[in-house]
Amino acid sequence: MHNMKVGILGSGDVGKAFARAFGALGYEVRIGSRSPEKLAEFASSQGDRVSAGTFEETASFGDLIVLATHGVTTHEAITLAGKRHFDRKVVIDATNPLDFSDGAPRLSVGHTDSLGEQIQRLMPDARVVKAFNTVGNGLFFKPELPGGPPDMFIGGNDADAKKLVSQVCDAFGWGVIDLGGIDASRHLEPMCMVWVLHGVASGSWTHAFKMLHK
């Protein structure tokens, strides 16, 4: 798995958290932005394994691609990156369709569709797996929580893709709960709102979900 190159679309805190994590595990990482020059300092601070590029350079570079864009800008980022660069690749979709136009976040799609499904339709030859959308980026990597490790809930249509993403989750320090196809995103995206609402109510952002089994 370590000779796999990782391309991360999105230069905010989520993208940077993924870049740090994959870099720490020894992967070659490229993080993409509309204006990659603003990532130069970040990339150099991460050592020689992390570089910055345009969306297109990043998608072309990665064997595994991570979507860490703001939900509403994801379609545009994929188009700028060039859909052909995603063909047959495993794509971790960490996005949420959050709409902040009214101030407080709400979901812009739900019930009968999801951003995860829209992304899979937009690039039908990619192998999209929804993951890392139900927790804050501060806990992505090696979350040290009492009663942990927490569980990452995932969904995707391709079994081999989910196997790879499960290995990533394991390396990041997470258990995995596979909820089936990419249409599970209809339920995983609202789970993000559960995470957010608890953060707002408690004033703390160091929580994560775990499935308990008997």
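The values are calculated or read from the model by the stated rules, or taken from the named source; none is laboratory data. Everything quoted here is computed from the prediction, not taken from an experiment. Heads up, the Cβs are rebuilt from the backbone with ideal geometry, glycines too, and the neighbour counts pull from every protein chain shown. Heavy atoms of the whole protein, side chains included, go into the accessibility calculation; ligands, DNA and RNA do not. Shrake-Rupley method; radii C 1.70, N 1.55, O 1.52, S 1.80 Å.
For Lys5 and Ala159, FRET efficiency with R0 = 25 Å and r from the beta-carbon atoms, rounded to 0.05?
Numbers: r = 23 Å, r/R0 = 0.90.
The formula returns an efficiency of 0.65 here.
Computed about its Cα centre, the charge dipole of the chain is approximately 260 debye, with only Lys, Arg, Asp and Glu carrying charge at their Cβ.
Computed in the context of the full set of protein chains, the accessible area of the stretch 4-117 at 1.4 Å probe radius has 48% of its extent on carbon or sulfur.
Rank-order 182-189, 160-167 by packing density, defined as the average count of other C-beta atoms within 10 Å over each peptide's residues, highest first. It would help to have the intermediate numbers written out before the result.
Numbers: 182-189: 22.8, 160-167: 18.0.
Descending mean neighbour count gives 182-189, 160-167.
Under the rule a/c < 1.5 gives rounded, and otherwise a/b versus b/c splits prolate from oblate, where does the stretch 99-187 land using the Cα gyration tensor? Note, shape of the stretch 99-187 comes out oblate. Mean residue ellipticity, 222 nm, helices only, the chain: the sum of -39500 (n - 2.57) across DSSP H runs of n ≥ 4, divided by residue count and rounded to 500, is -10000 deg cm²/dmol. Can you give me the Cα centroid spacing of the stretch 169-190 and the stretch 50-87 in angstrom? Spelled out, the Cα-based centre of one part sits 21 Å from the other. Normalising the Debye intensity of the chain to I(0), with uniform scatterers on Cα atoms only, and taking log10 at q = 0.09, 0.13, 0.14 Å⁻¹ returns -0.31, -0.68, -0.80.
Note on Leu25 and His187: the extension gain reaches 55.3 nm, defined as 0.36 nm multiplied by sequence separation minus the Cα-Cα distance.
When a/c reaches 1.5 or more, the comparison of a/b and b/c decides; with that in mind, is the stretch 44-138 rounded, prolate or oblate per its Cα gyration tensor? Please list the in-between numbers first.
Values: a/c = 1.93, a/b = 1.32, b/c = 1.46.
Note, shape of the stretch 44-138 comes out oblate.
Per-residue Karplus couplings for the stretch 164-180, computed as 6.51 cos²θ - 1.76 cosθ + 1.60 with θ equal to phi - 60°, are listed in order as 5, 5, 5, 5, 4, 4, 4, 5, 7, x, 10, x, 10, 10, 8, 9, x Hz, Gly and Pro entered as x.
Over the stretch 1-62, the pair-distance histogram of Cα-Cα distances with 10 Å bins from zero comes to 28, 62, 10 percent, rounded to whole numbers. The phi-based Karplus calculation (6.51 cos²θ - 1.76 cosθ + 1.60; θ = phi - 60°) puts the 3J(HN,Hα) values of the stretch 200-214 at 5, 5, 9, x, 10, 10, 10, 10, 8, 8, 9, 8, 9, 10, 10 Hz, whole numbers, x for Gly and Pro. Return the percentage of antiparallel bridges among DSSP beta bridges fully within the stretch 97-214, rounded to the nearest 5 %. Bridges in the stretch 97-214 that DSSP calls antiparallel: roughly 50 percent.
Considering only DSSP beta bridges whose two residues both sit in the chain, what percent are antiparallel, to the nearest 5? Around 15 percent of the beta bridges assigned by DSSP in the chain are antiparallel ones.
All other residues whose Cβ lies under 12 angstrom from that of Asp151 are scored, Lys and Arg at +1 and Asp and Glu at -1, for a net of -1. Counting only protein heavy atoms and a 1.4 Å probe, the chain has 47 square angstrom of accessible area per residue.
Projecting each Cα onto the charge dipole of the chain (Lys/Arg +1, Asp/Glu -1 at the beta carbon, about the Cα centre), which of Ser44, Pro190, Phe141 comes out farthest on the positive side? Farthest towards the positive end: Phe141. Return a whole-number percent for the relative contact order of the stretch 60-166, with Cα pairs under 8 Å and 6 or more residues apart as the contact set. Rounded, it is 25 percent for the stretch 60-166.
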